[in-house]
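Structure first, then comments.
The numbers here are math on the coordinates, done by the rules we state, and not lab data. What you see is a predicted model; the values in this text were computed from it and never measured. Positions of Cβ are backbone-derived with ideal geometry, glycine not excepted, and every protein chain shown enters the neighbour counts.
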C-alpha cells in the first residue's frame, strides 16, 4: 500500500502528534510558541463556549522544555487562561489530569522519542484526547492572523504543583489490581532519561515490585540517547542477565512501551495486542470481536488473531487514528507496533505505564511468562527503511517509486505487504516491506528506498 500525504484541508503546523520541530527554530521559536499559546486559549475557549478556563501544562526532560513551557503559559495567560503547571510528567499523565481534574485542556511540551534538539507541543481536550483536525486548523489560522507583539513575560518562572504528579501515580497504582500477585514479579525498566524517570520507579515501589531501573538520570540532553523504546537492546540484555520476569522500555514522554521476555527477546506493540486481545476475548471482555492496528501492524498478527476468530482493523499510522477507529467501531483495544497501546475502557490515551501494568496483571493472574502469552504470534520478516527527504510530494506522483512498488507487489501477490508513507513528524519517508522470504524483503526495501532517494532524497544532517 502506498500512503500519499493528504494535503488538502490538513494542518501544517500540527502533524500526527502535535507541533514538532527543532527547539529555538520556527515553529518552536519564542514568538510562535507564545502565539500558539494565545491561539490555543482562544480557540479551545470558543469550542467549549467559555471565555477562559484552566489548563494543565506539563513537559518532558529536554533542556528546551522549560522555556517553551514559559512561553506557552504567557500566551495562554494573554488569552485569559489560568495555567496549572505539573512540571515534568508523561503525556498520558497530562491526559489523565485533563479529564479527571476538570481542566478545559491539557498541554504537553515534548517531542516523544525524538532527540533532545527537537521538541514539540501536544494539545489535549478536556477528555484527554487529542484535538480534532478542524480545531488544529482553526488554531493555525489564529496564529497566522494574530498580532505579533508579545505581552506578558515569556521568561516568568512557573510554580510546579507537585500534587498533580502524585495524583497520577496514585491513579496508576489503583489500576494494578491485586498487588499480592504482582509483588513476586521482578522487572527491568528503562526510563529513557525522560518523563518516566519521575514516575515509574515510584509506581513499582508502591506496588512492592522489585525493579532494576535504567536510564533515569536526565540531564536535559540525554533523553532517548541510545536507550528507551527506540533503542531497547540494553533493556533486553539487562532483562536476560538479571533473570527477571519482564523488561520494559519507555520513550521520552512514556506514551509508548516496548517489552522484553525473561530470555531477552523483544516484544513490540503487536505482541501486546495479541496477548491482551486474546486474554480479553477469553474473559468475554473484548468488544467488537477485533483489535485496531495500523498499516504497520505485522501480517502475522492478523493471521494469529484470525485463528481465534478475531479481526484486525487497520488505520493510518498515528494513535489518534487508532482511537478514532476504536470509538467508531466500538472496540476497546488498539495500538501500534511502536508501543502505543490504548485500553479505552481505562483511558483514551496511549500510556506506556498502563500497558506495563496490564501485562504485569496478565502475567501475575495467568502464572505464565510473556513468551508463553505470545507463543501463538509468528511475525513475518519486516524491514522499515527511513529515507531523509527534502520535500514531501504525493508519493504516487514519483514514477520511479511507483515502478519499484509495483514490481514488489507483483512478486509478493497476497503473501506480503508494502507500505510507503511520509512521517507525520519528521522529514522522512518510511518504507515498510514484509513477507515470508527475508531476502526478498531486504531486496525490495532497498530498491524502493533508493528510488525515493533518487527522486527527493536529502543529505544526512
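Return the percentage of antiparallel bridges among DSSP beta bridges fully within the chain, rounded to the nearest 5 %.
Values: 36 of 65 bridges.
That works out to approximately 55 percent antiparallel.
For region 382-456, the percent of C-alpha pairs falling in each 10 Å distance bin, counted from 0 to the bin holding the largest distance, reads 21, 56, 22, 1. Sequence gap at least 6, Cα distance under 8 Å: using those rules, report the relative contact order of region 350-459 to the nearest whole percent. Relative contact order here is 34 percent.
Beta bridges from DSSP with both residues in region 167-264: antiparallel share about 30 percent, rounded to the nearest 5. Each 10 Å bin from 0 upward holds the following percent of the Cα-Cα pairs of region 87-138: 26, 49, 23, 1. Modelled label positions at residue 161 and residue 392, each set 7 Å beyond Cα in the direction of Cβ, lie 3.5 nm from each other. For region 14-162, averaging the sequence separation of C-alpha pairs within contact (under 8 Å, six or more residues apart) and dividing by the residue count gives a relative contact order of 31 percent.
Projected area of the chain, taken from the Cα convex hull and averaged over every viewing direction, in nm²? Write out the running numbers ahead of the final one.
On the way: hull surface 83.6 nm².
With every direction weighted equally, the projected area is 20.9 nm².
Of the listed peptides 105-113, 30-38, what is their order by residue-averaged count of other C-beta atoms within 10 Å, with the highest listed first? If you can, show how the numbers build up before the last one.
Details: 105-113: 29.3, 30-38: 23.9.
Those peptides, ordered most packed to least, come out 105-113, 30-38.
Extension gain, residue 427-residue 133: 0.36 nm per intervening residue step, less the Cα-Cα distance, totals 103.8 nm.
Please list log₁₀ I(q)/I(0) at q = 0.15, 0.17, 0.19 Å⁻¹ for region 167-264, using the Debye equation with identical point scatterers on the alpha-carbon positions. Rounded to two decimals, the profile gives -0.54, -0.69, -0.86. The distance separating the Cα centre of region 91-110 from that of region 336-387 comes to 24 Å.
Remark on region 14-162: ratio of C-alpha radius of gyration to 2.2 N^0.38 Å is 0.91.
Determine one quarter of the surface area of the Cα convex hull of region 89-186, which equals its mean projected area, and express it in nm² to one decimal. List each step's numbers first, then the result.
On the way: hull surface 39.1 nm².
Averaged projected area of region 89-186's Cα convex hull equals 9.8 nm².
Return a whole-number percent for the relative contact order of the chain, with Cα pairs under 8 Å and 6 or more residues apart as the contact set. Write down the numbers at each step before the final one.
Details: 1032 pairs, mean separation 65.2, N = 461.
Reported as a whole number, the value is 14 percent.
When the alpha-carbon atoms of region 250-332 are used, the pair Rg, Dmax equals 13.0, 39 angstrom.
Inter-label distance, residue 436 to residue 307: 1.4 nm, where each label sits 7 Å from its Cα along the C-beta direction.
Just from its helices, what would the mean residue ellipticity at 222 nm be for the chain, if runs of 4 or more DSSP H residues each count -39500 (n - 2.57) and the sum is divided by every residue, rounded to the nearest 500 deg cm²/dmol?
My calculation for the chain gives -11500 deg cm²/dmol from helical runs alone.
Taking only the Cα atoms of region 323-461, the ratio Rg/Rh comes out at 1.06, with Rh defined as the Kirkwood radius.
Given the peptides 249-258, 332-341, arrange them by the average over their residues of other C-beta atoms within 10 Å, most packed first.
Values: 249-258: 32.3, 332-341: 26.5.
Per-residue mean Cβ counts within 10 Å order the peptides as 249-258, 332-341.
Hydrodynamic radius of region 327-394 by the Kirkwood approach over all distinct alpha-carbon pairs: 15.1 Å.
Using DSSP, restrict attention to beta bridges with both residues in region 99-241 and report what percent are antiparallel, rounded to the nearest 5. Can you show the working numbers first?
Numbers: 6 of 11 bridges.
If I count the DSSP bridges inside region 99-241, around 55 percent turn out antiparallel.
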